[in-house]
Amino acid sequence: MSGPRVVWITGASSGIGAALAREMAANGWQVAASGRNRERLDALCADAPDAIHAFVLDVTDGAANNETVAAIEQQLGPIDLAVFNAGIGSQFSVTRFDAADVQDRMAVNYGGAVNGIGAVLPGMLERGAGQIALTASVAGFRGLPGGAPYSASKAAMIALAEGLKLDLDRHGIAVSVITPGFVRTPMTEKNRFPMPFMVDADDAARRIRRGLAAKRFEITFPRRLSYILKLLQRLPYALYFPIIRRVARL
Ligand SMILES: NC(=O)c1ccc[n+]([C@@H]2O[C@H](COP(=O)([O-])OP(=O)(O)OC[C@H]3O[C@@H](n4cnc5c(N)ncnc54)[C@H](OP(=O)(O)O)[C@@H]3O)[C@@H](O)[C@H]2O)c1
């Protein structure tokens, strides 16, 4: 008989990732939780010591991703589900455009997911089974004021997920893209602008777990914000720019 299923979650030391780790553990999964901060990971593991296990990792380090996957699979068994959730936020000032800082968003959010996929995919392909999920954002649906680098990194993740789904379906590997609106976490704590329809991290984690269990390609919430942004996504520039200028008072 096969043992409990194994999920690897990056960015699990805080916010949505930590809530998802607890949610998956409560639903019978063995959870490999990654992040850079050892103390916060240890605190998370203390919530469910038999189910959540810390694997310290900086997702921008390609070789370290490979080593982490090898360590997880040796300790817990083959990874059934990998959730690439590590990310850095959206604070950005165009008048202090710092190329390195802009590149960082891409290196962590998109590059981190790519490194993780590179590490976990060979095993999944060999087994002909597995599931991969990328935490993007509704901010990836369109370029947004004050968040161009973040939107760019999340748009790249959405496009990556769409293409991978088409390629991996026939290999028995499911792909999902998670596009949350505002979730109450340390990332959004810093924001000084209105965040409509915000949800708690535990609520987000429940929605993500259910979407993953159903192997839905797109897991997006809260619906109200997501649908508004999807509508904006479909507008021609002649309408999109004036609407956003008015809403953002630019
Ligand atoms: N909160 C929202 O409203 C919202 C909305 C849409 C999408 N998202 C996305 O959801 C994901 C989680 O965000 P959150 O709100 O939960 O933010 P958070 O509380 O700030 O958590 C971010 C996580 O990413 C990890 N991380 C950052 N850089 C890393 C690196 N180089 N290597 C490894 N881990 C790294 C952090 O861990 P360490 O610091 O320990 O490394 C932390 O665990 C992100 O991808 C974010 O873009 C959030």
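Using a probe of 1.4 angstrom, how much of the accessible area of the chain is carbon and sulfur, in percent? Can you show the working numbers first?
Numbers: 6790 of 12460 Å².
Answer for the chain: carbon and sulfur cover 55 percent of the accessible area.
Available extension along the chain between residue 74 and residue 106 is 8.5 nm, counting 0.36 nm per residue and deducting the alpha carbon span.
Using 0.36 nm per residue and subtracting the Cα-Cα separation, the extra length available between residue 99 and residue 213 on full extension is 37.1 nm.
For the chain, what does the accessible surface come to per residue with a 1.4 Å probe? Please give it in Å². Present the calculation step by step, with values, prior to reporting the outcome.
Details: 12460 Å² over 250 residues.
Computed with neighbouring chains in place, this is 50 Å² per residue.
Two numbers describe the Cα atoms of the chain: Rg and Dmax, which are 17.8, 60 Å.
Please give the calculated 222 nm ellipticity per residue for the chain, where each DSSP H segment of at least 4 residues contributes -39500 (n - 2.57) and the sum is spread over every residue; nearest 500 deg cm²/dmol?
Working: 10 runs with 122 residues, N = 250.
When only DSSP H runs of four or more count, the value is -15000 deg cm²/dmol.
Using unit Cβ charges (K, R positive; D, E negative) and no other charged atoms, how large, in debye to the nearest 20, is the dipole of the chain about its Cα centre? It would help to have the intermediate numbers written out before the result.
Numbers: 28 positive and 22 negative charges, 282 e Å.
Roughly 1360 debye, rounded to the nearest 20.
Scoring 239-247, 199-207, 125-133, 152-160 by mean Cβ neighbours within 10 Å over their residues and listing the highest first yields 152-160, 199-207, 125-133, 239-247. Here each label is just a point 7 Å from Cα along the line to Cβ, and for residue 245 and residue 63 those points are 5.1 nm apart. May I ask for the percentage of alpha-carbon pairs in segment 15-81 that lie more than 19 Å from each other? Roughly 28 percent, once rounded to a whole number.
Ordering 33-40, 113-120 by mean Cβ neighbour count within 10 Å, with the highest value first, yields 113-120, 33-40.
The values are calculated or read from the model by the stated rules, or taken from the named source; none is laboratory data. This one's a predicted model, so the numbers in the text were calculated from it and none came from an experiment. A quick note on method: Cβ atoms are made from the backbone with ideal geometry, for glycine too, and the neighbour counts reach across all protein chains shown. SASA here: full protein model, heavy atoms, side chains in, ligands and nucleic acids out. Shrake-Rupley method; radii C 1.70, N 1.55, O 1.52, S 1.80 Å.
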